[in-house]
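Visitor: Sharing a structure below in structure tokens format, with a few things to ask.
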Ligand SMILES: [Zn+2]
């Protein structure tokens, strides 16, 4: 109650112009964005209680806002995280290929937080988001995969190293008390190559078949002749799914440790905490493994949990939202001004979803007609060739979604219609599209027209040798 009184007083003084910028910054909430790479929504107990892979998160969700239908703006890291950092569609931020950089004039979330007096830091285990990349712009400190792994070590930087680095960083910064912090965390554990610790693998194997047979297949996959090419046998598919499930179980433990660290350093009390994925992961749903190739549900629908400042109860939102929304949402709740709303090109604030007992806030929302739920919302995800010299473009160019209807735009421009209510796995197209689909087609036409105002993409860069090595270890060839 006391902190509420102090914050209200700070707000009133700030409005009257008699409060210093430092005091204004101190009244702002901490903002923590946690992104889990390649994390499927249907492997989360919050959405599927029987899946039993993320029990700790299910507990934590009891005072979270659970978004049931959140979509990434693309199906792989670079364009999706660029949309998260800019609130813009991939066509507008232009970071759509391997080596893409964000344009110098692009306004990124960390820069805005930094200008508003926030201490900004990133812990990224993803090699695309490295210290030398344009994603590091605006962060005072950027701890990347090379640092997390340590000299000479290759492969995937594990969540435990991220949590340890975060704990150490917060421990050394006692002075941040009184200064709001913007923390970006990017975990890589569920990303290929899957290799969970045996403690987790042994827990999930019995759900996928005979554990000893699955272990034999996994051994042959990593050290023997088995390859994941062409038609993959059903028992090998099960072995791969078990490995992935093991990684998700391990991520649940890591997230719990991360939340404990945030609590220990008092970063949960007056804080906006966002937990999501940059994209999902296909586990042979449409005969492939991985992501960045299509825009089916398994790669663009993602978990999204938001703990708004002071939230005590769980809230469930079933309308379609986009990860681009997190940029304006976080800025609004932090009281950070975005210069020129039009620069967003896609994202829309979900701040109205934050619970409030304040009459003033409710009245303001009513005055501005700000609603959290919006059943008429249309979201779009986009995909471009990963390399300019790609021999064939990916099968999908865009996905346009409203309610249960989804339009998939193929790379040659042809349209495929899906009703996710009747066909959640997108196994059969709707042959006679209804009026609802006409509206989606009109939304796609409108979007294409708006692309005329999109700036050209920035030049591509070649990552340094250590980052290229990390990318190779994650399955990205040169
Ligand atoms: Zn990713």
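Visitor: Highest first, please rank the peptides 104-117, 420-433, 381-394 by the mean number of other Cβ atoms sitting within 10 Å of their residues.
Guide: Details: 104-117: 18.1, 420-433: 12.1, 381-394: 15.9.
Ranked by mean Cβ neighbours within 10 Å, highest first: 104-117, 381-394, 420-433.
Visitor: Moving to a separate point now. Quick check: convex hull of the Cα atoms in region 96-240, volume per residue, rounded to a whole Å³?
Guide: Values: hull volume 23.8 nm³, N = 145.
Convex hull of Cα atoms, per residue: 164 Å³.
Visitor: For the chain, what is the relative contact order in percent, using Cα pairs closer than 8 Å and at least 6 residues apart in sequence? Kindly include the intermediate steps, with their values, before the conclusion.
Guide: Details: 932 pairs, mean separation 118.4, N = 478.
Computed value for the chain: 25 percent relative contact order.
Visitor: What list of whole percents do you get for P(r) of region 299-439, with Cα-Cα distances grouped in 5 Å bins up to the one holding the largest distance?
Guide: For region 299-439, the binned pair fractions read 2, 8, 14, 18, 17, 14, 11, 9, 5, 2, 1, 0 percent.
Visitor: Sort 446-452, 332-338, 81-87 for me by packing, meaning the mean count of neighbouring Cβ atoms within 10 Å per residue, highest on top.
Guide: Values: 446-452: 11.6, 332-338: 17.9, 81-87: 28.6.
Top to bottom by mean Cβ count within 10 Å: 81-87, 332-338, 446-452.
Visitor: Still on this structure, please answer the following. Can you give me the Rg/Rh ratio for region 35-156, using Cα atoms for both radii and the Kirkwood formula for Rh? Don't skip to the end; give the middle numbers.
Guide: Numbers: Rg = 16.4 Å, Rh = 16.4 Å.
Rg divided by Rh gives 1.00.
Visitor: Report the residues of region 254-296 in range of a label on residue 412: point 7 Å along Cα→C-beta, backbone N strictly under 18 Å from it.
Guide: In region 254-296, the label zone of residue 412 (backbone N under 18 Å from the point 7 Å along Cα→Cβ) covers 294-295.
Visitor: Can you tell me the order of 284-294, 243-253 when each peptide is scored by its average per-residue count of other Cβ atoms within 10 angstrom, highest first? Before the final figure, lay out each step's value.
Guide: Values: 284-294: 18.2, 243-253: 24.1.
Highest mean packing first, the order is 243-253, 284-294.
Visitor: Next question, about the same structure. Given axes a ≥ b ≥ c from the Cα gyration tensor, I'd like to know whether region 419-478 is rounded (a/c under 1.5), prolate (a/b larger than b/c) or oblate. Mind dumping the intermediate values first?
Guide: Numbers: a/c = 5.81, a/b = 1.68, b/c = 3.45.
Taking the square roots of the gyration eigenvalues as a ≥ b ≥ c, region 419-478 is oblate.
Visitor: Quick check: pseudo-label points 7 Å beyond the Cα along Cα→Cβ at residue 313 and residue 358, how many nm apart are they?
Guide: 2.0
Visitor: Sticking with this one: For the chain, what is the mean residue ellipticity at 222 nm derived from helices alone (per DSSP H run of n ≥ 4: -39500 (n - 2.57); sum divided by total residues; nearest 500 deg cm²/dmol)? Intermediate results must be reported in sequence, preceding the final value.
Guide: Values: 16 runs with 165 residues, N = 478.
Mean residue ellipticity at 222 nm (helix-derived): -10000 deg cm²/dmol.
Visitor: If you project the alpha carbons of the chain onto the principal axes, what extent comes out on each, in Å, largest first?
Guide: Taking the Cα atoms of the chain, the three principal extents are 71, 53, 45 Å.
Visitor: With a/c under 1.5 counting as rounded, go ahead and sort region 382-452 into rounded, prolate or oblate using the C-alpha gyration tensor (a ≥ b ≥ c being the square roots of the eigenvalues; past the cut-off, prolate if a/b is larger than b/c, else oblate). Display every interim value, and only then the final one.
Guide: Working: a/c = 2.47, a/b = 1.44, b/c = 1.72.
Oblate is the answer for region 382-452, as a/c is 1.5 or above yet b/c matches or exceeds a/b.
Visitor: Return the distance in nm (one decimal) between the two label points of a simple spin-label model at residue 429 and residue 266, each offset 7 Å from Cα along Cα→Cβ.
Guide: About 5.9 nm separates the two model spin labels.
Visitor: Can I ask one more? Once you place label points 7 Å from the Cα toward the Cβ at residue 446 and residue 371, how far apart are they in nm?
Guide: It is 1.5 nm.
Just so you know, all these numbers are worked out from the coordinates, no wet-lab data involved. Everything numeric in this text was worked out from a predicted model, so none of it was measured. All Cβ positions, glycine included, derive from the backbone under ideal geometry; neighbour counts span all protein chains shown.
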